[in-house]
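Some notes on the structure that comes next.
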Amino acid sequence: MLALFTLGVISLLTLLTTSSIYSLSPTYALNKPYGVLSQFVSNKTNKSQALLCDLPSVSSLPEPLMAVGRLDKDTEGLLLLTSRGEFSRRVTYGVGPERVRVEKEYFCLVDGIVDDSALERLREGVEIGGGEGGGGYVTKRANVRRVGCDEAVERVGSREGYGAKSIRAARHGPTSWISLAIKEGRNRQVRRMTAAVGFPTLRLVRVRVGGVELRGLVSGGVIEVKEEDVFEGINVDV
């Protein structure tokens, strides 16, 4: 009897501990279309611009929700939506005393055929400005690689639907895809990084946040995801 009671107490404590980390409140992954702001409420400067609540797939979700971080208006891809401020804080600012950051992966369509030298500079860190006192800021190490067209199509998903955006015609010059995975989030950082090595970004799509991937989700589409998948490989119980 004592053993059963002890087992019951342990199970209850496990449930309470798990619930404190992974809430029963749903978390969603949105494939944010091009041209949509990462916010639910307009302000004086963007009254006429599309918001998250203008997307049919988002307007039907339970409220209140917030975007976890943000994607620029001209950036597409994976944007997490939640009602839990603590979850948003952990994803944005890191987990535990050491603030272990969640890795975010972007697919970048760049102007030109990216070379090995540019890839290595991106891996090691490049100066993009915006440092303390107005000086330069050097980005931290990143995971960078070339991406083939087939993988880009598979990972980026369909551009059809709400806010579909066309890319320049091939006659204007060659382009190439790269994958850039970082644990930082400075203003327009990825675009500034590729520009710093001579390959401006023409299209930018976030394809992964932690262990949650965009794969197969159409533009404007929403699916429910597990919070623990976002923190895959990270000890969140700290």
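Residues whose amide H comes within less than 5 Å of that of VAL225, counting only those at least five positions distant or on another chain, are THR27, TYR28, ALA29 (H built at 1.01 Å from N in the peptide plane). For region 175-182, putting each phi into the Karplus relation 6.51 cos²θ - 1.76 cosθ + 1.60 with θ = phi - 60° gives couplings of 9, 8, 9, 9, 9, 10, 10, 9 Hz, in residue order, rounded to whole numbers and with x for Gly and Pro.
Amide H to amide H, with H built 1.01 Å from N, ALA50 comes under 5 Å of LEU37, counting only residues 5 or more places away or on other chains. Here region 40-139 has an Rg and Dmax of 17.6, 47 Å, counting Cα atoms alone. Global size of region 42-91: 11.8, 32 Å for Rg and Dmax (C-alpha atoms, Rg to one decimal, Dmax whole). Here the Karplus curve 6.51 cos²θ - 1.76 cosθ + 1.60, taken at θ = phi - 60°, turns the phi angles of region 93-106 into couplings of 10, x, 10, x, x, 8, 6, 5, 8, 7, 7, 10, 10, 10 Hz, with x standing for Gly and Pro.
Multiplying the residue separation of VAL41 and GLU63 by 0.36 nm and subtracting their alpha-carbon distance yields 6.6 nm. Scanning residues 5 or more positions from VAL147 or on other chains, those with amide H under 5 Å from its amide H are TRP177, ILE178, SER179, with H placed 1.01 Å from N in the peptide plane.
Size of region 24-230: Rg and Dmax of its alpha carbons, in Å, are 17.0, 52.
Read-outs: derived from the displayed coordinates by stated rules, not from any lab. Here the structure is a predicted model, which means the values were calculated and not measured.
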